[in-house]
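A short write-up of the structure that comes next.
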Amino acid sequence: MITGVAQVAVVVHDLGRAVAFYRDTLGLPLLFQVPSAAFFDCGGMRLMLALPDAGHPELDHPPSILYFRVDDIEATCRALAARGARLEGEAHVVGQLEGRDVWLAHFYDMEGNLQALTSETPRTGR
C-alpha cells in the first residue's frame, strides 16, 4: 500500500543555480549533493533537483507543478520577491472549504519551472 510521497524529481539544466534558488530563495534545507543531483528536505519529503539523463531525453521537460504549503502566503510572496523570485500574479483565493479559504500563488524557479505556494486560512481571519 502507498503510504505517502517519498521524493519528487525536478529536471534542471544548471544545478548550481537551481541549488542556490531552492536553498537560498526558498529556504529548503539541502540534505546532500552529488555531481548530477541535489536533494532537499521539503517537510519530510525529499525534493531531488537533477540534471537531464542523456539516456532518457523524454524526461527532459518541465515538471508537474509543486505546491509548497506555507502558513502566511502573502508574507511568503513578499519574502520570495525580495529574494529575487519571479512571481506570477498575486496570491488569491482559489477555493473554499468548510470555514477556510484555499489560497494560491505561482512563481518561477531560476530554471523557468512554474511552481506554487498554497495556504489555507480561516475565513474569519481575512
(request) Determine, yes or no, whether Ala37 is in contact with a strand residue (DSSP E or B) (Cβ under 8 Å, 6 or more places away or on another chain) and on the phi < 0 side of the Ramachandran plot. (result) yes
(request) Could you tell me whether any residue of the stretch 95-106 is surrounded by 13 or more Cβ atoms within 10 Å (Cβ to Cβ), without any contact (Cβ under 8 Å) to a residue 60 or more places away in the chain, assigned to a strand (DSSP E or B) and acidic (Asp, Glu)? (result) yes
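Mind checking which residues of the stretch 6-21 are assigned to a helix (DSSP H, G or I), in contact (Cβ under 8 Å) with a residue 12 or more places away in the chain and either touching a helix residue (DSSP H, G or I) at 6+ places or on another chain (Cβ under 7 Å) or within 24 Å of Pro57 (Cα to Cα) (or both)? Spell out how you get there, then give the answer.
Narrowing the stretch 6-21 to residues assigned to a helix (DSSP H, G or I): 15-21.
Checking which are in contact (Cβ under 8 Å) with a residue 12 or more places away in the chain leaves us with 15, 17-21.
Leu15, Arg17, Ala18, Val19, listed by residue number.
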(message) Looking only at the stretch 50-76, how many residues end up being of a type in the set (Val, Ile, Thr) and either assigned to a loop (DSSP other than H, G, I, E, B) or on the phi > 0 side of the Ramachandran plot (or both)?
(response) 2
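Report yes if Asp53 is surrounded by 12 or more Cβ atoms within 10 Å (Cβ to Cβ), farther than 16 Å from Ala85 by Cβ, out of contact with any Phe, Trp or Tyr (no Cβ under 9 Å at 6 or more places or on another chain) and of a type outside the set (A, V, I, L, M, F, W, C), otherwise no.
yes
Restricting attention to the stretch 30-49, report how many residues are part of a loop (DSSP other than H, G, I, E, B) and surrounded by 11 or more Cβ atoms within 10 Å (Cβ to Cβ). Can you show your working first?
Looking only at the stretch 30-49, we keep the residues that are part of a loop (DSSP other than H, G, I, E, B), and these are 35-36, 43-44.
Now drop any that are not surrounded by 11 or more Cβ atoms within 10 Å (Cβ to Cβ), which leaves 36.
Residues flagged as part of a loop (DSSP other than H, G, I, E, B) and surrounded by 11 or more Cβ atoms within 10 Å (Cβ to Cβ) within the stretch 30-49 amount to 1.
Taken together, the values in this text are just the output of simple stated rules run on the coordinates, not laboratory data. Since this is a predicted model, take the numbers as computed values, not measurements. Virtual Cβ from ideal backbone geometry, glycine too; neighbours counted across all protein chains shown.
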